[in-house]
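Asker: After the structure tokens below, expect a handful of questions from me.
None of the figures in this text is laboratory data; all of them are computed from the coordinates on show. For clarity, every value in this text was computed on a predicted model and none was experimentally measured. Here Cβ is always computed from backbone atoms with ideal geometry, including for glycine, and neighbour counts include all displayed protein chains.
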Amino acid sequence: MARPRILITRRWPEAVEVKLAETFDVTLNTADTPLGRDALRDALGAFDAILPTVTDRIGPEVFDRPAIRTRILANYGVGFSHIDVAAAKGQSIAVTNTPDVLSDCTADLALTLMLMAARRAGEGERDLRAGAWSGWRPTHLIGTKVSGATLGIIGFGRIGQAVADRAHHGFGMTILVQNRSAVAPEVLARTGAAQVEAIDDLLPRCDFVSLHCPGGAANRHLIDARRFGLMKPGAFLINTARGEVVDEAALAEALEEGRIGGAGLDVYENEPRIPEALMAAPNLVMLPHLGSATRETREAMGFRVMDNLVDFFAGRTPRDRVA
Ligand code: 8YV
């Protein structure tokens, strides 16, 4: 039987590309630039599997073509709000993702942002490199204490729980959780966490709020101007989930007016475009979507995609099938 034709839409860690090529008829995107709508639409007619990333916007218009060959979109990443899952389902195309393997590193990065924002690490490094550090003084770049503070976690899946572990056991933080469904008591007990029914009840109680819910239309602008108003003055917002979860214009305003203490972002509404108002905000730490960016995790994500593909083409249900 002919080997399935697969398209890897961006460059992946070499070890994974090599392994995939042993099993599949692989096409690489050697230019490593996002494919765009027409190229993705063409790919649906030419490949048995497409392996997209967050930079491939696979909306309903991409599926609007005759003779679709693709049977699976095996996403590289846990979040898949860039894929119109209903449209894929409508064409009987399976969708898989890569949970678990990136939870540790994404949680590590959420803590990085929390510490950087609260301790003004970005500002400090910028000043130092600009030659603007005049020396130690008791009032220089005074930040906010992280240890012992209260952390609110919105979305208590694998990554949210990994953040709670680090924050509670590493920094002695009190953990409050808001989640769509009830969290099992033993899961809450691991970090002494309490579940709060509504986001509006959680926000006023937290010194730090970290987002770990899915993106997509359902959670678009979950944190908006009204909810920034509910946060404690001086509190920090951390987003390593998806850009659309935060109303960036409202965030810029809340930062500008000093309604919150600061924020840390790894994801943005229109990546890689960053609004000017955010670029100008000093009390904001911004990283370029680095949540899972370690060699170990990026390789593990690739091998997880490979497992999903092998199962799928062997007629088994892939472990990470989301549609
Ligand atoms: C990925 C992520 O690197 O897995 C996710 O959902 O946000 C990132 O860690 C990216 O999405 C790759 O497609």
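Asker: I need the calculated FRET efficiency for the pair GLU257 and ASP25, taking r as the beta carbon distance and R₀ as 51 Å, to the nearest 0.05.
Answerer: The computed FRET efficiency comes out at 0.35.
Asker: In nm, what is the difference between 0.36 nm times the number of residues separating ASP32 and LYS89 and their Cα-Cα distance?
Answerer: 17.8 nm
Asker: Quick check for me: using +1 on Lys/Arg Cβ and -1 on Asp/Glu Cβ, what's the dipole size of segment 103-286 about its Cα centre, in debye to the nearest 20?
Answerer: 440 debye
Asker: Normalised by the number of residues in the chain, what is the relative contact order in percent for Cα pairs under 8 Å and 6+ residues apart?
Answerer: 17 percent
Asker: Modelled label-to-label distance, VAL18 and VAL322, 7 Å Cα→beta-carbon offset: nm?
Answerer: The two pseudo-label positions are separated by 3.0 nm.
Asker: Could you please state, rounded to a whole Å, how far the C-alpha centre of segment 68-144 is from the C-alpha centre of segment 207-264?
Answerer: When both Cα centres are located, 14 Å separates them.
Asker: Sum -39500 (n - 2.57) across every DSSP H segment of at least 4 residues in the chain, then divide by the residue count to get the 222 nm mean residue ellipticity, nearest 500.
Answerer: Mean residue ellipticity, 222 nm, calculated: -9500 deg cm²/dmol.
Asker: Of MET1, ALA323, GLY160, which is farthest along the charge dipole of the chain in the positive direction, counting Lys and Arg as +1 and Asp and Glu as -1 at C-beta?
Answerer: The Cα lying farthest towards the positive end belongs to MET1.
Asker: Applying the Karplus parametrisation 6.51 cos²θ - 1.76 cosθ + 1.60 with θ = phi - 60° to the phi angles of segment 84-95, what ³J(HN,Hα) value in whole Hz is obtained for each residue in order, glycine and proline being reported as x?
Answerer: Working through the residues one at a time gives 7, 5, 5, 5, 4, 4, x, 9, 6, 9, 6, 10 Hz.
Asker: So if a site counts as exposed when it's one of the GluC sites (Glu not before Pro), its DSSP state isn't H, G, I, E or B, and it has at most 10 other Cβ atoms within 10 Å, what's the longest stretch of the chain without one?
Answerer: Working: sites that count: GLU197, GLU257.
After excluding every exposed loop site, the longest remaining stretch is 1-196.
Asker: Taking a label point 7 Å from the Cα of ARG126 along the Cα→Cβ vector, which residues of segment 271-297 have an amide N closer than 18 Å to it?
Answerer: 273-289
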